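Trainee: I have a structure here, written as structure tokens, and I will follow up with some questions on it.
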Amino acid sequence: MKVLVADDDPGSLLVARAAVELYGHDCLTAADGDEAWALYLEHQPDVVVTDWMMPGMDGLALCRAIRARGADLYTYIVLLTSQGSRDDVLAGLAAGADDYVTKPLDPFVLHARLLVALRVTTLHADLAHYRKVLSQQARTDPLTGLHNRLKLSEDLEQMHARSQRYTEGYCVAMCDVDNFKSYNDIYGHQAGDLALRAVAGALVSAARKSDGVYRYGGEEFLLVLPNQSQLSAKAFMERALNTVRGLQIVHSGDPLGQLTLSAGISAFTSEHRADADTLLGEADAALYAAKAAGRNRVEL
Ligand code: GH3
Ligand code: MG
Ligand code: MG
Ligand code: MG
């Protein structure tokens, strides 16, 4: 572990450093609270062992500053206190310290505390990792690997807020696979799943990095296209539909003999400052029009 020791008494600092290094940890030292805080920010140590009374920022203020950051990784804090100061101990733990050792420091006692510190920081790192994995999983569609509706609603909210502020336009495109029920009926659901994955991949490959591609529902996909006019979005979606046709997925139940996509587009512009739900409704209506006009096309 990386351990930061802060103490204004050079003798105590030496003893603490020797103990930390004896038990195989890396040690950083600070001669006062301000230096400790600067080193903390720079090096993100796993453990901080800090004296209470120091010039400048004292140990308690250091504890509070570390806890106030609420960083993803947990810093285990051990307070160095003088003997017989029971109130200090309570105040220190209340300020955010996890444990305390009394001075003069016994290297073995610090070693014992660092064992606990390792267990606690490892546990916190695991939790942070699982939180991240779960958060990603909750926003991902398992079949296609695309973003799902939860992520869409979050992204749309952000996109909308930004557009309101800077009056940047953006478009949403609702896509739906044509005659997909009969594709499943003819080729089976497993083949249907594979086709959906291929379509998702084609849409991603057609999209720019800043575009968002989401699985909206069963065989429905939604694209969020920032900084596009309705016309440029239409040209873009026509290319995307072409990319899907380029997959050449044979579909005997489709008039064209292959799997195709229909799309409807709606735009947020300075003249049409509709909220996200309205835009989705308009894109859906345009999609319906594309279906009614014969499928395999884009409508505004
Ligand atoms: P249209 O051209 O009007 O869109 O006709 P359609 O047959 O595609 O429309 P419909 O809504 O009747 O059918 C959608 C089909 O998509 C029905 C459903 O079984 C299928 N589907 C939805 N989600 C999945 C999925 O995850 N996997 C598979 N294999 N099929 C799915
Ligand atoms: Mg001191
Ligand atoms: Mg559908
Ligand atoms: Mg369909």
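FYI, it's all coordinate maths here, none of it is from the lab. Only a predicted model underlies this, so the values are computations on that prediction, with no experimental measurement involved. Because the Cβ atoms are built from the backbone with ideal geometry, glycine has one as well, and the counts that use them run over all protein chains shown.
Trainee: Mind jotting down a quarter of the surface of the convex hull over the alpha carbons of the chain, in square nanometres, one decimal?
Mentor: On the way: hull surface 84.4 nm².
The orientation-averaged projected area of the Cα hull of the chain comes to 21.1 nm².
Trainee: Restricting to DSSP loop positions (anything but H, G, I, E, B) with no more than 13 other Cβ atoms inside 10 Å of their own Cβ, which chymotrypsin sites (Phe, Trp or Tyr not before Pro) remain in segment 44-89?
Mentor: Working: sites: W52, Y74, Y76; in loops: W52, Y74.
Here no loop site has a sparse enough neighbourhood.
Trainee: Now for a separate question. Please compute the volume of the convex hull spanned by the alpha-carbon atoms of segment 150-192 and report it per residue in Å³. Spell out each step's value before the answer.
Mentor: Values: hull volume 3.6 nm³, N = 43.
Cα-based convex hull of segment 150-192, divided per residue, equals 84 Å³.
Trainee: Then there's this: Report the Cα centroid-to-centroid distance between segment 91-116 and segment 232-259 in angstrom, as an integer.
Mentor: Spelled out, the Cα-based centre of one part sits 66 Å from the other.
Trainee: Got a sec? Charge dipole of segment 15-118, +1 on Cβ for Lys and Arg, -1 for Asp and Glu; which of A91, M57, A31 is way out at the positive end?
Mentor: Going by the Cα projections, it comes out as A91.
Trainee: What residues have an amide H closer than 5 Å to that of M54, excluding those fewer than 5 places away on the same chain, when H is modeled at 1.01 Å from N in the peptide plane?
Mentor: G59
Trainee: If you wrap a convex hull around the Cα atoms of segment 120-207, how much volume per residue is inside, in Å³?
Mentor: On the way: hull volume 13.0 nm³, N = 88.
Taking the convex hull of the Cα positions in segment 120-207, it is 148 Å³ per residue.
Trainee: To the nearest 20 Debye, how big is the dipole of the chain about its Cα centre, given +1 on the beta carbon of each Lys and Arg and -1 on that of each Asp and Glu?
Mentor: Working: 28 positive and 39 negative charges, 233 e Å.
So the magnitude is around 1120 debye.
Trainee: Would you work out the relative contact order for segment 43-112, in percent, from Cα pairs under 8 angstrom that are 6 or more residues apart? Intermediate values should be presented prior to the final figure.
Mentor: Working: 82 pairs, mean separation 22.3, N = 70.
The normalised contact order for segment 43-112 reaches 32 percent.
Trainee: Based solely on C-alpha atoms, express the radius of gyration and the Dmax of segment 258-300 in angstrom.
Mentor: Every Cα atom of segment 258-300 included, Rg and Dmax give 11.5, 39 Å.
Trainee: On alpha-carbon atoms, Rg over Rh for segment 156-245 using Kirkwood Rh?
Mentor: Using Cα coordinates only, the ratio equals 1.04.
Trainee: Roughly how many debye, to the nearest 20, is the charge dipole of segment 159-300 about its Cα centre, given +1 on each Lys and Arg Cβ, -1 on each Asp and Glu Cβ, and no other charges?
Mentor: In total the dipole reaches around 420 debye.
Trainee: For segment 172-300, what does the relative contact order come out to in percent, with C-alpha contacts under 8 Å and a separation of six or more? Spell out each step's value before the answer.
Mentor: Values: 206 pairs, mean separation 41.2, N = 129.
Taking the mean separation of contacting Cα pairs over the length of segment 172-300, I get 32 percent.
Trainee: Taking the Cα centre of segment 9-49 as the origin, how large is its charge dipole in debye, to the nearest 20, when only Lys and Arg (+1) and Asp and Glu (-1) carry charge on their Cβ atoms?
Mentor: That gives a dipole near 160 debye.
Trainee: Can you pull the semi-axes for segment 1-118, root of five times each eigenvalue of the Cα gyration tensor, sorted largest first, whole Å?
Mentor: Values: eigenvalues 61, 56, 40 Å².
Equivalent-ellipsoid dimensions as semi-axes: 17, 17, 14 Å.
Trainee: Excluding R197 itself, what net charge comes from residues whose Cβ is under 13 Å from its Cβ, given Lys and Arg +1 and Asp and Glu -1? Mind dumping the intermediate values first?
Mentor: On the way: positive: R215; negative: D141, D193, E219.
For residues surrounding R197, the net value is -2.
Trainee: To continue, here is another question. Along the positive direction of the dipole of segment 200-300 (beta-carbon charges: Lys, Arg +1; Asp, Glu -1; about the Cα centre), which of A285, L225, A235 reaches farthest?
Mentor: Ranked along the dipole, the leading option is A235.
Trainee: Oh, and also: Counting only helical runs of four or more DSSP H residues, what would the 222 nm mean residue ellipticity of the chain come to if each run contributes -39,500 (n - 2.57) and the total is spread over all its residues? Mind dumping the intermediate values first?
Mentor: On the way: 10 runs with 152 residues, N = 300.
My calculation for the chain gives -16500 deg cm²/dmol from helical runs alone.
Trainee: For the chain, what does the relative contact order come out to in percent, with C-alpha contacts under 8 Å and a separation of six or more? Write out the running numbers ahead of the final one.
Mentor: Numbers: 497 pairs, mean separation 40.3, N = 300.
Relative contact order, the chain: 13 percent.
Trainee: Kindly give the semi-axes, whole Å and largest first, of the ellipsoid equivalent to segment 190-300, taking each as the square root of 5 times a Cα gyration tensor eigenvalue.
Mentor: They are 24, 15, 13 Å, listed largest first.
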